[in-house]
Amino acid sequence: MRIVGAAPESIAEAGQLIASGELVIIPTETVYGLACDAMNEAAVQEVFKAKGRPLNNPLIVHIAELEQLNLVAEDTPMDALQLAQRFWPGPLTLVLKKSLKIPSITTAGLETVAVRMPDHPVALDIIRAAGTPVAAPSANLFTELSPTRVSHLNADISHSVALVVDGGSCAVGIESTVIDLTRNPFALLRRGAITMSDLEAVGVDVVEPSRAQRTGAPGQFPKHYAPRTPVVLVERLTKEMPGLVLTGTAEIGQLKMPEAPGEYQAILYQSLFELDQLGLAAIYVECPPEQERWAAVLDRLRRASHS
Ligand code: TXA
Ligand code: MG
């Protein structure tokens, strides 16, 4: 494994490696991705293996141009095109009817495929250089925190790839919003930086499926995105509690988090990662308010604190 910066030669090399069936870790605006050719069964299999991910949890396919959508999905509804126009490149993943060209291992045997266009110049250039849609789950081990910078990559994952492309820290900081457009009504499968109101604002209504409706949908694990240290959500941190402060001032052992959700979200994983290195008995987190603008952060904190 080699770590390289995002120079043009490195981007070209990353694209060639992906095209020849190798695994490469790439930056995106959300989190780092463990990338391979989405059309190459053997490479996709290696991605599942490297992550320790169950084969029933499908991958997101990343594209660099809207024209590539035809390779990935079929019967793309008007709403999908409208959402793509408005939010791509960006942290919105659309679940659509799968094209026959995508091997079934990529979608874990489902008839649907998750697709997005990442808003990161390096990711887009690498996909273009590869000349193929790129499957990329977050570059973490199954259930662990997603890396938002190269120094947070797990050593086992890094060693399973041919190349790591360092694009600095990820601006969005949590994984993309996932919505399923093959269901009626459209279903919100994962919260992210693009909120339900953002979608409503362009006339697309999505509903959050109940727990019962969700059984059968992949990737619905209550514990996910978690550091190794137990995370405990509290109303307020006392002086003695190491962890993340939202409204007060930080004492020694505490990190002061930004009070704007977007800024909080951008450094959430990196902050949990830092505290996770300290061998604490618990990481205490001041619970953000129950408001829609905090919904994605609350979702990740609840999953991180689920024991
Ligand atoms: O921001 C992101 O989405 C990052 C970056 C690297 O793009 N990727 C990412 O991938 O978070 P991953 O594999 O860690 O999460 C993909 C999620 C999983 O919850 C998976 O179950 C869901 O998308 N998913 C993938 N294909 C699906 C499908 N056909 N139907 C329903 N859910 C699907
Ligand atoms: Mg993931």
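Data for the structure
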quantity	calculated
Selected from Glu274, Glu29, Glu175 as most flexible by GNM, with the chain as the system and alpha-carbon contacts under 10 Å	Glu274
Ordering of 226-233, 123-130 by packing [mean C-beta count within 10 Å, highest first]	123-130, 226-233
In Hz, Karplus ³J(HN,Hα) per residue of segment 91-108 (6.51, -1.76, 1.60; θ = phi - 60°; x = Gly, Pro)	x, 10, 9, 10, 8, 10, 5, 6, 7, 5, 6, 7, x, 5, 5, 4, 9, 6
Compactness of segment 156-307 as Cα Rg over 2.2 N^0.38 Å, two decimals	1.14
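Only the coordinates and a few stated rules stand behind these numbers; no lab work does. No experiment lies behind these values; they were computed from the predicted model shown. So basically every Cβ, Gly included, is an ideal-geometry build from the backbone, and we count neighbours across all protein chains shown.
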